[in-house]
Amino acid sequence: MQQKIDSDPRRETWREALFNRRMLICIFTGFSSGLPLYLLLNLLPAWLRTEGVDLKAIALFALVQFPYTWKFLWSPLLDRYALPWLGRRRGWMFAMHVALIASIAALGFLDPKHQIWTIAYLCAVVAFFSASLDIAMDAYRRELLPDAELGLGNSFYVNAYRISSLVPGSLALILADRMPWSSVFVITALFLLPGLAMALVVSEPAATAAAPRTLRDAVVEPFREFVTRSGWRHALLILAFIFLFKLGDSMATALATPFYLEMGFTKTEIGIVAKNAGLWASVAGGMLGGLWMVKLGINRGLWIFGVAQMVPILGFAWLTTLGNPDLRALGVVIALEALGAGLGTVAYVAFIARTTDPRFTATQFALFTSLSAVPRTLINAATGWIVAQIGWFDFFLLCTALALPGMALLLRVAPWGGGVQEQPRP
């Protein structure tokens, strides 16, 4: 069925979209989604290192993040089956919150020196519960938001996701200097209670489609629907776009801290300027992007924000040409890159959400977001080798060039002036 892009019976103003209950729900889902991942990325390595665990062993803990990449394999189960309380989406959201609170709190009662394998297994369990929570909450958010609010709603989600990093990455580390690790992990886990309460008080989205009749339908039909919607060639173009749109930006920041150090900046300067400029500029980008997309729509947002996330990569190349470390220049370049990345991420996530069919939200959303994580988990692993071969200046030029194919695909998957685009059939 053909319909206008981002069509809506009555176009909302940004004020109407901003001040409604759906935006608050997006904040809660973003915070609960981000906190477990940042715990694995930030708090876990700090804990293990302070307890004397070898750096090589700590590096291997990155493997516990694989559930985030492979979550589409069990997402059909969450589409097909509902737990016997709260509904199909809310039931899984509630159960995964409870499981995460219990498993994260349990981590702090283990001894890294004598129970390292138990910790590894439990971290894998935390990642599995977290990825499963993402499946349920992504589906819930997509079914909750009308198309006109996908950009703004996902901007709230993305910003809350990023801000959640302050709990395991900052607050928990401060608390660790003042209390036992067991208390730190319990307190960190309790920050998931607002999300748990949200699952209890909200209602199932009115747009929630009926569950697939069989498990086979839940596994096969989402992929069949996606391929047959506009043909397998267009389906491949969409998958290629999802893979490529954030590739250049992701690669450019994969080795950010080592790059800053090689440019002559101190760890204190990096901690104060780089990290703060990056976080709050990306939050600002996400917020502004969501507001602008209420008027622009998803397609035009992808074009404008795609350019905004690509051009600042050249700022890193410019930094390599400076004779001496310039703290002001570093802050400006990082802020511009983070602002552009925040803008691009909002449009990108909104596009992924719009591409899903309401009947198979959990499975298709999990497939698309899993694909989007591949550059971060696999291709970025080669960035160190690339820099060693061509140097930092040429590396950032390469990252800029790698952003161009994703932009070119917009001509087919999200044309600026196309006016008509096939949407998932209800």
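The values are calculated or read from the model by the stated rules, or taken from the named source; none is laboratory data. Just so we're clear, the structure is a prediction, and the values are computed from it rather than from any experiment. No Cβ is skipped: glycine too gets one built from the backbone with ideal geometry, and neighbour counts run over all protein chains shown. Only protein heavy atoms, including side chains, enter the accessible area calculation; ligands, DNA and RNA are left aside. Shrake-Rupley method; radii C 1.70, N 1.55, O 1.52, S 1.80 Å.
Worth pointing out:
- Per residue accessible area of the chain, 1.4 Å probe, in Å²: 43 Å²
- Evaluated on region 328-412, the Kirkwood hydrodynamic radius is 15.4 Å, with distances taken between all distinct Cα atoms.
- Each residue of region 399-410 was assigned a 3J(HN,Hα) from its phi angle through the Karplus curve 6.51 cos²θ - 1.76 cosθ + 1.60 (θ = phi - 60°); the sequence is 4, 4, 5, 6, 7, 5, x, x, 5, 5, 5, 4 Hz, with glycine and proline shown as x.
- The length gained on full extension between Y121 and L237, counted as 0.36 nm times the residue separation minus their Cα-Cα distance, comes to 38.0 nm.
- Prolate/oblate/rounded label for the chain (Cα gyration tensor, a/c 1.5): oblate
- Label-point separation in nm, T266 to L322, each point 7 Å along Cα→Cβ: 1.6 nm
- Förster radius 25 Å - calculated FRET efficiency between V201 and A82, Cβ distance, rounded to 0.05: 0.85
- Contour minus Cα-Cα distance for S182 and R21 (0.36 nm per residue): 54.4 nm
- Computed on region 21-147, with alpha-carbon pairs under 8 angstrom and 6+ residues apart, the relative contact order is 37 percent.
- Rounded FRET efficiency, nearest 0.05, which uses the C-beta distance separating I390 from K295 and R0 of 41 Å: 0.50
- Rolling a 1.4 angstrom probe over the chain with all protein chains present gives an accessible area of which 68% lies on carbon and sulfur atoms.
- Take 80-91, 225-236, 184-195 and order them by the average number of nearby Cβ atoms within 10 Å per residue, most first; the result is 184-195, 80-91, 225-236.
- When each of the peptides 140-150, 113-123 is scored by the mean number of other C-beta atoms lying within 10 Å of its residues, the order from highest to lowest reads 140-150, 113-123.
- The chain, relative contact order [Cα under 8 Å, separation at least 6], %: 27 percent
- Taking label points 7 Å from Cα along the Cα-to-Cβ direction, K113 and L171 give a separation of 3.1 nm.
- For D249, the solvent-accessible surface with a 1.4 Å probe is about 10 Å², rounded to the nearest 10.
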